[in-house]
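Below is one structure, written out as structure tokens; the observations come after it.
Just so it is clear, none of the values below were taken in a lab; they were calculated from the coordinates. Just so we're clear, the structure is a prediction, and the values are computed from it rather than from any experiment. Here the Cβ is made from the backbone with ideal geometry for all residues, glycine too, and neighbour counts use every protein chain on show.
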Amino acid sequence: AALVAASAALAEYPEKPITIIVPFSAGGPTDKVARDLAEALRVPLKATIVIENVGGAGGTLGTAKVAKAAPDGYTLLLHHIGIATAPALYRSLSFKPLEDFEYLGLINEVPMTVIGKPGLPANNWGELTKWLKDNQGKVNLAHAGLGAASHLCGLLFQQSLKMEMTTVPYKGTGPAMTDLMGGQVDLMCDQTTNTTAQIASGKVKAYAVTTPKRLATPALAKLPTLDESGLKGFNVSIWHGLYAPKGTPKAVADKLNTALKTALKDPGFVKREEELGAVVVSDARTGPAEHKKFVGDEIAKWGPVIKAAGQYAD
Ligand code: MLT
């Protein structure tokens, strides 16, 4: 009877709107990926997809909400590297990344850029490092909380430069970008999905990219890498994945993974990602097992790095 009910449920799934929780504010890079992906998922899933922004605590509040949601396939999580860095940042984390979720597949890789407020009196990396040294102790660095990509990059950036900056937390780098453009904060390290347009329009200053190789995106191609600028080995690339609560029926999870694979081949989605400096992952990386193994490897990779920086949220 249970089998019949389950297969009946699957036959209908989805029969109502699906909510994708984004654990950061609207208008930020995670939100952009989610809205673009939702657009590409609508046809394969034949469902209305609603984006719900649940910001706070570097993405851990929204992530915890999905971990506790009903495992019926109607509440999903779209999150980034923060799901793997949170265990090293929070001693009492309210979710276990590898135990509390069904892994539905990786989505993309996104480089980061070091950007500054429009009035910052430095127009390239060399002038920026001089300005940073001359203003030691007075520099405000924006990020989106412990667990955010902007926090991770900012942490490594300060470590590499051997400088302490005043860090200003936001619920997402969408609102942080507004303050940066307004000059309320000086500096930020953020994903190209959020910075490409502002850099191209000259609304912020851009100094470097965080990946080992320069980027092909026209507005970003002239930016040097941090590695070539002297921060040897600096390499931060943000990735996104899709998750459902543990216990979601396998048939439903498989249907979502299949729809994701289709969405990642949607020409419009791929084009929008590339325009923003992001790269959609290859088909081989979108399997649930590959996704879960990758997150496990990332937890193992970033844990010691973060612990060495001695940054705890609690
Ligand atoms: C966002 O979407 O606001 C960002 O992902 C925040 C961050 O991780 O820096």
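Going Cα to Cα from residue 222, which lysines come in below 16 Å? Please leave out same-chain ones fewer than 8 positions away.
205, 213
Take the Cβ-Cβ distance between residue 50 and residue 309 as r, set R0 to 25 Å, and report the resulting FRET efficiency rounded to the nearest 0.05.
0.10
Roughly speaking, what is the stretch gain from residue 2 to residue 135, that is 0.36 nm per residue apart minus the C-alpha to C-alpha distance, in nm to one decimal?
Gain in length upon complete extension: 41.3 nm.
Treat the count of other C-beta atoms within 10 Å as a stand-in for reagent exposure and order 189, 153 from fewest to most.
153, 189
Eight or more residues apart or on different chains, and alpha-carbon atoms under 20 Å: count the Lys pairs in region 75-196 matching that.
Step by step, the pairs that qualify in region 75-196 add up to 8.
How do 29-39, 159-169 rank on mean C-beta neighbours within 10 Å, highest first?
The peptides rank, most packed first, as 29-39, 159-169.
If you find the alpha carbon centre of region 198-213 and of region 176-196, how far apart are they in angstrom?
10
Compute, for region 1-60, the length of the dipole vector about the Cα centre, with Cβ point charges of +1 (Lys, Arg) and -1 (Asp, Glu) only. Units Debye, rounded to 20.
60
What ranking do 267-273, 253-259 get when scored by the average of other Cβ atoms within 10 Å per residue, highest first?
253-259, 267-273
Pop out the ³J(HN,Hα) list for region 172-179 in order, Karplus 6.51 cos²θ - 1.76 cosθ + 1.60 with θ = phi - 60°, rounded to Hz; leave Gly and Pro as x.
For region 172-179, the Karplus curve yields x, 7, x, x, 5, 4, 4, 5 Hz.
Count charges around residue 177 for me, please; just the other residues with Cβ under 14 Å from its Cβ, Lys/Arg as +1, Asp/Glu as -1.
For residues surrounding residue 177, the net value is +1.
Which distance in nm do the two modelled labels at residue 228 and residue 42 give, with both placed 7 Å along the Cα-to-Cβ direction?
Each label point lies 7 Å from its Cα, and together they span 4.1 nm.
Just want the ordering: 240, 79, from fewest to most Cβ atoms lying within 10 Å of their own Cβ.
If I rank by nearby Cβ atoms, fewest first, I get 240, 79.
If I take every Cα pair under 8 Å that is 6 or more residues apart in the chain, average their sequence separation and divide by the length, what percent do I get for the relative contact order?
28
Assuming R0 = 51 Å, what is the FRET efficiency of residue 283 and residue 162, from their Cβ-Cβ distance, to the nearest 0.05?
Efficiency, rounded to the nearest 0.05: 0.75.
Across region 6-60, how large is the tail of the calculated P(r) beyond 14 Å, expressed as a percent of all Cα pairs?
Roughly 57 percent, once rounded to a whole number.
Need one number: nm distance between label points at residue 221 and residue 201, each 7 Å from Cα along Cα→Cβ, rounded to one decimal.
2.3
Between 0 and 90 degrees, rounded to the nearest ten: what's the tilt of helix 125-134 against the longest Cα principal axis of the chain?
Long axis of 125-134 versus the principal axis of the chain: about 70 degrees.
Determine the gain in length on full extension of the stretch residue 11-residue 178; use 0.36 nm per residue of separation and subtract their C-alpha separation, reporting nm with one decimal.
In short, 55.6 nm is gained.
At 37 °C and 0.692 mPa s, grab the translational diffusion coefficient of the chain from Stokes-Einstein with a Kirkwood Rh over Cα pairs, rounded to a whole number in µm² per second.
Rounded to a whole number, D works out at 166 µm²/s.
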